[in-house]
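The numbers here are math on the coordinates, done by the rules we state, and not lab data. Since we're looking at a predicted model, the values are computed, not measured. Backbone-built Cβ (ideal geometry, glycine too); neighbour counts: all protein chains shown.
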Amino acid sequence: MSAVEHRYEVRSRTERYRGRIFEVVSDEVTMPGGGTAVRDHVRHVGAVAVVALDDAGQVVLIRQYRHPVGRHLWELPAGLLDVSGEDPAVTAGRELAEEADLTAGRLDVLVDLHSSPGFSNELVRVFLARELADVPAEERHDRSEEEADLQVVRVDLDEAVGMVLGGEITNASAVAGLLAAARARDVGWSALRRADAPLPR
């Protein structure tokens with residue numbers, strides 16, 4: 001059953017800031033019942049994250065400093081969709097190699113999420129990576145800036161879920177990805193989507 005929905009139309013847009021990763025805009029939007037309202041929001045390039053699961057049932061977590069919250073967070077290997085035309089699965093493989101020194105023989109889609117739709121259009125695709133192998137030492141990425149002090153650990157998937165439920169993991173894509181991975185495992189991986197599944201529109 002479908003209800004009749006108001007069509008929100010953008011009457012005008014004013015760019016407030018433009019950077020490499022995002023822009024801030026003010027849109028004048030039509031509202032139900034007539035009239036318009038101004039909505040400020042962040043237009044983001046999008047991102048990927050990776051739940052890397054090894055044969056022992058452990059997942060890779062990284063601990064990285066995040067300046068907006070002023071502290072280190074437990075996260076998944078992740079990165080921006082900032083290479084024009086690049087397939088998200090390719091981006092995920094590159095970020096897994098750069099941040100965790102790993103390659104994956106198999107990638108599937110776990111979950112897609114809008115990280116904070118109240119003010120941003122950022123869409124994050126979270127992949128499940130399996131059949132892991134080490135990147136040879138001589139081919140490893142040279143990490144700089146915040147990545148220079150990355151901590152990379154492996155923990156049992158159920159322990160990681162406990163960290164989510166206990167408030168130790170608060171990064172949105174990590175929370176969603178770890179919970180989705182545990183659920184997908186518990187139903188025999190039947191809920192996974194192909195790595196090339198279309199992004200939500």
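Observations on the model:
- Other-chain or far-sequence residues with amide H under 5 Å of Val135's (modelled H): Leu102, Thr103
- Note on the chain: GNM, Cα springs under 10 Å; of Arg140, Arg11, Arg154, the largest mean-square fluctuation is that of Arg11.
- Around the Cα centre of the chain, unit charges on the Cβ atoms of Lys, Arg, Asp and Glu (plus for the first two, minus for the last two) sum to a dipole of about 880 debye.
- Positive dipole terminus of the chain, leading residue within Val4, Pro88, His67 (C-beta point charges): Val4
- Distant alpha-carbon pairs in the stretch 32-105 (separation over 17 angstrom), percent: 59
- Potential lengthening between Val90 and Ser12 on full extension [0.36 nm per residue; Cα-Cα distance subtracted]: 24.5 nm
- Whole-Å semi-axes of the stretch 1-66's equivalent ellipsoid (Cα gyration tensor): 38, 21, 8
- Note on the chain: GNM, Cα springs under 10 Å; of Val83, Val24, Val152, the largest mean-square fluctuation is that of Val83.
- Model label zone, Glu168; criterion: amide N under 14 Å from point 7 Å along Cα-to-beta-carbon; scope the stretch 51-80: 59-63, 73-75
- Cut-off 19 Å, label 7 Å out along Cα→Cβ of Thr36, residues of the stretch 1-21 by amide N: 6-17
- Stretching Glu5 away from Arg183 to a fully extended chain increases their span by 60.8 nm, per 0.36 nm per residue minus the current alpha-carbon distance.
- Whole-number D in µm²/s for the chain (Stokes-Einstein; Kirkwood sum over Cα pairs; 37 °C, 0.692 mPa s): 178
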